[in-house]
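The values are calculated or read from the model by the stated rules, or taken from the named source; none is laboratory data. From a predicted model like this one, the values you see are computed outputs, not experimental measurements. Here Cβ is always computed from backbone atoms with ideal geometry, including for glycine, and neighbour counts include all displayed protein chains. These accessible areas exclude ligands, DNA and RNA; they are computed on the full protein's heavy atoms, side chains included. Shrake-Rupley method; radii C 1.70, N 1.55, O 1.52, S 1.80 Å.
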Amino acid sequence: QVQLVESGGGLVRTGDSLRLSCTASGRTSGTYAMAWFRQAPGEDRQFVAAINWPGDSTYVRPSVRERFTISRDNAAHSLYLQMNNLKPEDSTVYYCAAREVYGGPSFHTQSSEYPYWGQGTQVTVSS
């Protein structure tokens with residue numbers, strides 16, 4: 001069992017930056033691919049970015065690729081999302097997710113592929 005806890009969200013202005021963090025606890029000895037999703041009220045959960053195990057490959061959705069960077073620190077059992085030049089349309093709840101993998105470079109962008117989730121952290125960008 002793996003528990004995930006996000007932090008770093010908040011209220012910022014257009015053009016500001018935020019770094020979201022996700023810390024894992026419990027069974028951290030496995031090999032996990034990890035990802036960030038976001039979900040606005042009344043909408044489906046949207047894929048943002050993913051990183052493989054051990055972290056030498058990443059994939060970010062094209063709409064935010066120039067502004068967002070995903071990274072991980074395996075020794076610290078942590079996942080990060082650096083968000084620069086934030087826009088009002090980035091405002092939503094951001095979730096950390098993890099799935100155990102056994103090799104291969106593939107990425108999954110569907111939320112149903114990730115069995116472990118954090119509670120979410122709110123990001124609000126004012127104009």
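Using Cα pairs closer than 8 Å and at least 6 residues apart in sequence, work out the relative contact order for the range 48-114, in percent.
Worked out over the range 48-114, it gives 29 percent.
Going from most exposed to least, what order do Thr28, Thr58 have by accessible area with a 1.4 Å probe?
Thr58, Thr28
Grab the alpha carbons of the range 19-99, take their convex hull, and tell me the volume per residue in Å³.
Dividing the Cα hull volume of the range 19-99 by its residues yields 95 Å³.
Could you please state how large a percent of the accessible area of the range 44-127 is carbon and sulfur, counting protein chains only and using a 1.4 Å probe?
C and S atoms contribute 45 percent here.
How big is the accessible area of Arg72 in square angstrom, nearest 10, if you roll a 1.4 angstrom probe over the protein chains?
Estimated to the nearest 10 Å², Arg72 gives 40 Å².
Once R0 is set to 41 Å, what does the formula 1/(1 + (r/R0)^6) return for the Cβ-Cβ distance between Thr31 and Gln82, expressed as a FRET efficiency to the nearest 0.05?
Efficiency, from the Cβ-Cβ distance: 0.95.
Solvent-accessible area per residue for the chain at a 1.4 Å probe radius, Å²?
Numbers: 6620 Å² over 127 residues.
Ligands and nucleic acids excluded, the result is 52 Å² per residue.
Output the relative contact order of the chain, whole-number percent, from Cα pairs under 8 angstrom with separation of 6+ residues.
36
Determine ³J(HN,Hα), in whole Hz, for all residues of the range 92-99 in sequence, where each value follows from phi through the Karplus function 6.51 cos²θ - 1.76 cosθ + 1.60 and θ = phi - 60°; x replaces Gly and Pro.
Listing the rounded values in order: 4, 8, 9, 10, 8, 9, 9, 9 Hz.
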